[in-house]
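Okay, so here's the structure we're looking at.
The values are calculated or read from the model by the stated rules, or taken from the named source; none is laboratory data. What you see is a predicted model; the values in this text were computed from it and never measured. Backbone-built Cβ (ideal geometry, glycine too); neighbour counts: all protein chains shown. Keep in mind that these areas ignore ligands, DNA and RNA; they rest on the heavy atoms of the full protein, side chains included. Shrake-Rupley method; radii C 1.70, N 1.55, O 1.52, S 1.80 Å.
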Amino acid sequence: MAIVVLVEESDGKIKNSSQEAVAYAAALAKQISEDDVVALALGNQVSSEELEGLGKFGANRVLHATDERLNQGVIQAYASVVDQAMNETSAKVLVLATSSLGDPVASRVAIKQQAALGSNVVELPDLSDGFVVKRSIYTGKAFAYTKLDQDKKIIALRKNAITPEEGTATATVEAFTANLSEADFGATITNTEKSEGDILLPEADIVVSGGRGLKGPENWEMIEELADTLGAATGCSKPVSDMGWRPHHEHVGQTGVKVSPTLYVAVGISGAIQHLAGVNSSKYILVVNQDAEAPFFKAADYGVVGDAFEIVPQLTEKIKASQN
C-alpha cells in the first residue's frame, strides 16, 4: 500500500503547496506505519530533476504521467489518472493541496474510489479514536473535527498547514501510463489567463496589500517597493479595485482572492469582515494603520499605529539594510 500525493506545477516548477502536501503525506506515513509515499505528476512540463527533488520533502518515488494532453489540467482527465494511480499502488490515502484544480479533482476521485473526503485540513489527523481531521470552515472563522470512516481517505490540505523541512533524499521517477478515453477530455480549455506579476497571490509566501488609506493609485509605488524588497506579491482591498486604483485580480477578500501566506502585510486597510475572511488563514498578519481603532488590529499578530507614508518607506529601508 501507499500514500499518493497529487502535485501541481507552475511554469515548470512544483508549487509550494504541493511540496507541503508531500511533507504532510510523509509525516502521515510515519503515523500509520506506511513507508511508501508516492508523488504523482501529470503533464510533461516538469523536468525529472524537479520531480526527483520531491524526495527532499519525503517522497520515495514519483509517478510521472507525461501525456501532453494533461498539461492543461482538465479536471476529468486528472481524476481518471489519480484514480488509476491509486489502484496501481493500492493506496488507501490521497493527499493534495486545496486549490482551484485540487478541490474538484478530489471530489471526483472520492466518488471513483468510494473514499471519505476531508477538505481544508489544517493538521495531521488524530488517530486515537479512528481517523479524525481538523478542518477550517466558514472561511476560516471556525474549525470542524471530522471523522473519516471509509477505508479509503482523501485529504485536501490547506496552505500553510505544515512547514516542510527539506532533507537530502532524492525520489525515483517512474513513467506512468494511464488509460484515458475521449470522454476524459470532454471539456476543452480554450484559453487561460494568468494574473500579472512574477509572484501570484494564491502561491505567495508573503503578500503586501494596500487600502484606501493610501489615498490614490499614484501612491502605490511604496507598496510595490516593499513587496519587491520582501519578494512578495501585491494585493489590495475591494474598494481599491472597485475604484480602479488597482486591477481586480489583486483584490484580496471573501469575494476576491483568498490567500494563506506566511506573512500578510496590510497597509491602510481598516479590516472589514469580508477582507478578513480572505486573509485569516495567514500565519502572521502585520497591520499598518493610523487609526488605532481599526478592526484589523484585533486580527493582527503585529500592529503599527501611524502614518503609512512615513512607516512603509522606513520599513523598506530597514529591510534593505538587513539584506545587505
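If you go through segment 271-286 one residue at a time, do you hit one that is touching a Gly at 6+ places or on another chain (Cβ under 9 Å), surrounded by fewer than 21 Cβ atoms within 10 Å (Cβ to Cβ) and free of Cβ contacts under 8 Å to residues at least 24 places away in the same chain? Scanning segment 271-286, I find at least one residue that is touching a Gly at 6+ places or on another chain (Cβ under 9 Å), surrounded by fewer than 21 Cβ atoms within 10 Å (Cβ to Cβ) and free of Cβ contacts under 8 Å to residues at least 24 places away in the same chain, so the answer is yes. The set of residues from segment 143-183 being farther than 19 Å from Leu28 by Cα, open to solvent by 30 Å² or more (accessible area, probe 1.4 Å) and within 21 Å of the chain's Cα centre (by Cα) comprises just one member, Phe143.
Taken over segment 33-50, residues that are under 16 Å from Pro164 (Cα atoms) and either surrounded by fewer than 24 Cβ atoms within 10 Å (Cβ to Cβ) or of a type outside the set (Gly, Ala, Ser) (or both) amount to 1. Within segment 254-270, the set of residues being touching a residue at least 60 places away in the same chain (Cβ under 8 Å) and surrounded by fewer than 19 Cβ atoms within 10 Å (Cβ to Cβ) comprises Gln254, Thr262. Would you mind stating whether Ser17 is among the hydroxyl-bearing types (Ser, Thr, Tyr) and more than 20 Å from Glu165 (Cβ to Cβ)? So Ser17 does not fit the description; no.
Restricting segment 62-105 to residues that are among the polar types (S, T, N, Q) and more than 16 Å from Glu9 (Cβ to Cβ) leaves a set whose member that is most open to solvent (accessible area, probe 1.4 Å) is Asn87.
Among the conditions (1) without any contact (Cβ under 8 Å) to a residue 60 or more places away in the chain; (2) part of a helix (DSSP H, G or I); (3) open to solvent by less than 50 Å² (accessible area, probe 1.4 Å), the only one that Val208 does not satisfy is (2).
Pairs only if they're at least six apart or on different chains, beta carbon under 8 angstrom, first in segment 45-60 and more than 16 Å from Thr168 (Cβ to Cβ), second assigned to a helix (DSSP H, G or I); list them, first residue then second. Filtered contacts from segment 45-60: Gln45/Asn71. Kindly establish whether Asp307 is surrounded by fewer than 16 Cβ atoms within 10 Å (Cβ to Cβ) and under 30 Å from Glu8 (Cβ atoms). Criteria not met by Asp307. Does Ala115 satisfy the criteria of being in contact (Cβ under 8 Å) with a residue 40 or more places away in the chain and open to solvent by less than 20 Å² (accessible area, probe 1.4 Å)? So Ala115 does not fit the description; no. Does Ile223 fit the bill of being open to solvent by less than 80 Å² (accessible area, probe 1.4 Å), within 20 Å of Ala300 (Cβ to Cβ) and in contact (Cβ under 8 Å) with a residue 24 or more places away in the chain? Judged against the criteria, Ile223 is a match. Tell me, please, whether a residue that is open to solvent by 20 Å² or more (accessible area, probe 1.4 Å), over 22 Å from the mean Cα position of the chain (by Cα), farther than 22 Å from Leu201 by Cα and not charged (D, E, K, R) can be found in segment 2-23. No, that holds for no residue.
Scanning segment 26-44 for residues that are in contact (Cβ under 8 Å) with a residue 40 or more places away in the chain and either of a type outside the set (Asp, Glu) or not in a loop (DSSP other than H, G, I, E, B) (or both) yields Ala27, Leu28, Gln31, Ile32, Val38, Ala39, Leu40.
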